[in-house]
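Following: one structure in structure tokens, then a few remarks.
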């Protein structure tokens with residue numbers, strides 16, 4: 001559900017119908033953040049390709065770290081849709097409620113274990129003050145074992161979630177408890 005027209009799964013034709021069918025097969029449902037792209041199936045397909053690359057591609061960043069970045073970037077941008085979606089995914093990896101709450105609020109990040117703390121604090125700074133970034137910021141990431149490829153991957157995840165947060169917030173994409181749960185493993 002959003003503030004613009006969307007084409008339902010039942011009414012989809014052509015490329016959109018094929019994309020929806022693939023999503024239903026792989027994930028069991030179509031998320032609202034993807035349905036909002038239904039008027040532009042080409043953009044939806046490209047969005048999905050980018051998502052799969054940055055969130056599931058080979059990287060020195062773990063899936064848990066990427067989900068934590070998604071949550072922190074989204075919390076920094078006050079995007080409840082993405083915070084809730086990616087906190088749900090993060091729960092598969094992080095079983096500590098206190099850590100989840102810190103990430104979901106993007107507050108107290110310095111108290112997390114050093115590697116995760118440096119990664120998510122970098123993501124928060126890049127989101128909230130991108131022009132304040134300096135080369136020395138990368139030194140803190142290298143100090144906890146990130147390679148230059150990992151730093152690139154981190155930057156891509158941060159950039160991707162800033163992009164998606166703008167879509168969700170700008171188009172009023174909403175979520176429900178039903179939408180948040182029940183996805184097949186990606």
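The values are calculated or read from the model by the stated rules, or taken from the named source; none is laboratory data. The structure presented is a predicted model; accordingly, all values stated were derived computationally and were not measured. Positions of Cβ are generated from backbone atoms using ideal geometry, with glycine treated the same way; all protein chains shown enter the neighbour counts.
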Just to be sure I understand, how many residues within the stretch 12-23 are over 12 Å from residue 39 (Cα atoms) and either assigned to a loop (DSSP other than H, G, I, E, B) or within 23 Å of the chain's Cα centre (by Cα) (or both)? 5
Would it be correct to say that residue 61 is at pLDDT 95 or above and under 18 Å from residue 86 (Cα atoms)? yes
Cβ-Cβ under 7 Å pairs, at least 6 apart or on other chains, the stretch 97-110 side on the phi > 0 side of the Ramachandran plot and modelled with pLDDT of 95 or more, far side surrounded by 13 or more Cβ atoms within 10 Å (Cβ to Cβ) and assigned to a helix (DSSP H, G or I): 106/72; 106/75; 106/76; 106/124; 108/102
Going through the stretch 56-69 one residue at a time, which ones are closer than 13 Å to residue 152 by Cα and part of a helix (DSSP H, G or I)? 66
The number of residues in the stretch 23-51 that are touching a helix residue (DSSP H, G or I) at 6+ places or on another chain (Cβ under 8 Å) and loosely packed, with under 12 Cβ neighbours inside 10 Å is 1
Check the stretch 56-73 and report whether any residue there is at positive phi, touching a residue at least 12 places away in the same chain (Cβ under 8 Å) and out of contact with any helix residue (DSSP H, G or I) (no Cβ under 8 Å at 6 or more places or on another chain). no
Any chance residue 155 is modelled with pLDDT of 95 or more and surrounded by 12 or more Cβ atoms within 10 Å (Cβ to Cβ): yes
Check whether at least one residue in the stretch 130-147 is modelled with pLDDT of 95 or more, buried (at least 16 other Cβ atoms within 10 Å of the Cβ) and closer than 16 Å to residue 55 by Cβ, and report yes or no. no
For residue 78, all conditions in the list (1) over 30 Å from residue 15 (Cβ atoms); (2) touching a residue at least 40 places away in the same chain (Cβ under 8 Å); (3) in a helix (DSSP H, G or I) hold save one; what is the number of the exception? (3)
